[in-house]
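Read through the structure below, which is laid out as structure tokens, and then see the notes.
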Amino acid sequence: MRRMLIAGNWKMNLTANEARAVIAALRAEIDRDAAALARDRDVMIAPPAVIIPAASQALAGSSIALGAQNMHFEDKGAFTGEVSAPMLKGFGVTHVIVGHSERRHVFGETDELINRKVIAALRHGMVPILCVGETQEEHDGGRTAEVVLAQLQNGLAGVDQAQGDRIVVAYEPVWAIGTGRTATPELAENVHGAIRESLRAQMGPEKADSVRILYGGSVTADNVDSLVSKPNIDGALVGGASLKADSFARIVRAKAR
Ligand code: 13P
């Protein structure tokens, strides 16, 4: 049985002071149920890189894991503006979002670059959350499976099969991100099922069946239950609704599967 993962991607939001306040409120909501929640789910938040030290301090002793939104694939060197896995790990970062659609479409990240980041995360014992998803145009053109499975296969190229189950995949249709237009649970489950099949071919059924596949794109407390009720939807990657403690805490309490 796969554990759910409810992950918050803060994107470029919240100053250090705001982040401390949100984390304190979130801990007040979540930590008191920590034992019950820990039975079947993990919770993670990914603040902007510069906020990670403050977040790390504010999360001390909490069951909430700390994630990064991006990282470079090298450990150090002449890469102005970048941060590396060892730097993040120094603050207790355990997860890293890789290949988010905003990284792909606004900053031009390619499958090849994203693949190097996935491999770097695994090399450092971090959990890469590999994001895949089609644009509105690709969706309308009936190319969803083709686009998503190519991103998946290219993103995971050369990954050691033995480490396959450490990966998390997030299906985030670009047309659903920040638009309020959530994919229906049926549509999402369809894509998640295709991702699962592709993972089975790539890493064998046993590893593939323990990979968690999250849905992202306008997830709210009102739609999370119906999404995670589907067999291949193992949690959520939440943007806007993760910025406020009460709405994120309600998502974290999604109905058990
Ligand atoms: P929203 O939840 O704001 O649609 O963002 C989704 C997302 O991109 C999470 O990574």
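We did not get these values from a lab; they are worked out from the coordinates using the rules stated. Quick caveat, the model's predicted, so the values are computed rather than measured. Counting neighbours? That spans all protein chains shown, and the Cβs are built from the backbone with ideal geometry, glycine included.
Peptides 58-70, 230-242 ordered by packing proxy, namely the average of other Cβ atoms within 10 Å per residue, highest first: 230-242, 58-70. Only DSSP H runs of four or more residues enter the estimate; each adds -39500 (n - 2.57), and after division by the residues of the chain the mean residue ellipticity at 222 nm equals -11000 deg cm²/dmol. When each of the peptides 103-112, 38-47, 210-219, 133-142 is scored by how many other beta carbons lie within 10 Å of its residues on average, the order from highest to lowest is 210-219, 38-47, 133-142, 103-112. Remark: spin-label model distance Asp209-Ala145 equals 2.2 nm, labels positioned 7 Å along the Cα→Cβ axis. Based on C-alpha pairs under 8 angstrom that are at least 6 apart in sequence, the chain has a relative contact order of 21 percent. Centre-to-centre, using Cα atoms only, the range 73-98 and the range 116-156 are separated by 20 Å.
Modelled this way, with points 7 Å down the Cα-to-C-beta line, the labels at Arg123 and Asp31 are 3.6 nm from one another.
Computed extension gain for Asp225 through Thr179, at 0.36 nm per residue and net of the alpha carbon distance, reaches 14.6 nm. The label-point distance for Lys255 and Gln153, in a model that sets each label 7 Å from Cα toward Cβ, rounds to 3.7 nm.
Taking a point 7 angstrom from the Cα of Ala21 along the C-beta vector, which residues in the range 224-257 have backbone N less than 18 Å away? Of the residues in the range 224-257, 241-249 have backbone N under 18 Å from the label point off Ala21.
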